[in-house]
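Quick notes on the structure that follows.
The values are calculated or read from the model by the stated rules, or taken from the named source; none is laboratory data. In this text, all values refer to a predicted model and were calculated from it rather than measured experimentally. Using ideal geometry, Cβ is built from the backbone for each residue, glycine included, and neighbour counts are taken over all protein chains shown.
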Amino acid sequence: MPPVEPEVIPDVARQDRTGQPEVIYGPGKSPAQVLAVAGALVDAGVRPILLTRATPDQVQAVLGADPTATFHERANVVVIRAVERSSPGRIAVVSAGTSDLPVADEAAVVAEAFGLTVERITDVGVAGVHRVIERVPDLERMDLVIVVAGMEGALPSVVAGLVPAPVIAVPTSVGYGASFEGLAALLGMLSSCAPGVLTVNIDNGFGAAMAAHRIVSRR
């Protein structure tokens, strides 16, 4: 006999409590479970509805059920009902290298779905530090900066030493052997000599965007 699908009980009241709705985390869920959660959130009037770390079968199921949904391939995020750009918050998502873009895109797509205005600044890693210095005038206008980097994870410290905005650091699993799949970047960001740097988990662009929304939307 096929396994019985467990009952899905989404938290439809989370948005009322925290200002942020439940987001669907794809891994470990069947397409049917994803559709059940999404359907319950739609019925409850939740917005935005996001599916993160989606599998191909989940993406196909959601797009088949709702052709208005948008799949952001590099970020691996499906946005079912985005929020209009109503938030006054403006943030930058800064990424060190091209290999960091999937994580940076996850942060940017999630932040935009929550109504934040996002400026993407890419390929400004510390190996060519002049590139990020050239963007300081742009960064100075931001309410918050998310900085995504792998390798040794130095970029958030550089940015936090140049601009007044809060900095959320996102270590990525990009790097050679001694980077230990992002552990070196994580420890470097946690040990930043620039005061005020907040650090999320490895490859957690989603978490950085959610933290940014909470910080900026309450200002």
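Numbers at a glance
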quantity	calculated
Test: residue in the range 203-213 that is closer than 14 Å to Ala96 by Cβ and assigned to a loop (DSSP other than H, G, I, E, B)	yes
Hits in the range 11-39 (condition: buried (at least 17 other Cβ atoms within 10 Å of the Cβ) and over 25 Å from Leu116 (Cα atoms))	Lys29, Pro31, Gln33, Val34, Leu35, Ala36
Near pairs, Cβ below 8 angstrom, 6+ apart or cross-chain, from the range 136-163 (assigned to a loop (DSSP other than H, G, I, E, B)) to any residue that is charged (D, E, K, R) and crowded, with 19+ Cβ neighbours inside 10 Å	Gly150/Asp100
Whichever residue in the range 133-161 is among the hydrophobic types (A, V, I, L, M, F, W, C) and farther than 20 Å from Ala184 by Cβ and, among such residues, is surrounded by the most Cβ atoms within 10 Å (Cβ to Cβ)	Val145
Out of Val46, Val79, sole residue that is without any contact (Cβ under 8 Å) to a residue 40 or more places away in the chain and more than 30 Å from Arg135 (Cβ to Cβ)	Val46
Unmet criterion (only one of (1) over 22 Å from Gly207 (Cβ atoms); (2) surrounded by fewer than 15 Cβ atoms within 10 Å (Cβ to Cβ); (3) modelled with pLDDT of 90 or more) for Ala65	(2)
Flag for Ala194 being in contact with a strand residue (DSSP E or B) (Cβ under 8 Å, 6 or more places away or on another chain), assigned to a strand (DSSP E or B) and either in the same structural domain as Val103 (by TED's automatic domain parsing) or surrounded by 16 or more Cβ atoms within 10 Å (Cβ to Cβ) (or both)	no
Only one of Ala169, Ala185 that is touching a helix residue (DSSP H, G or I) at 6+ places or on another chain (Cβ under 8 Å), buried (at least 23 other Cβ atoms within 10 Å of the Cβ) and not in a strand (DSSP E or B)	Ala185
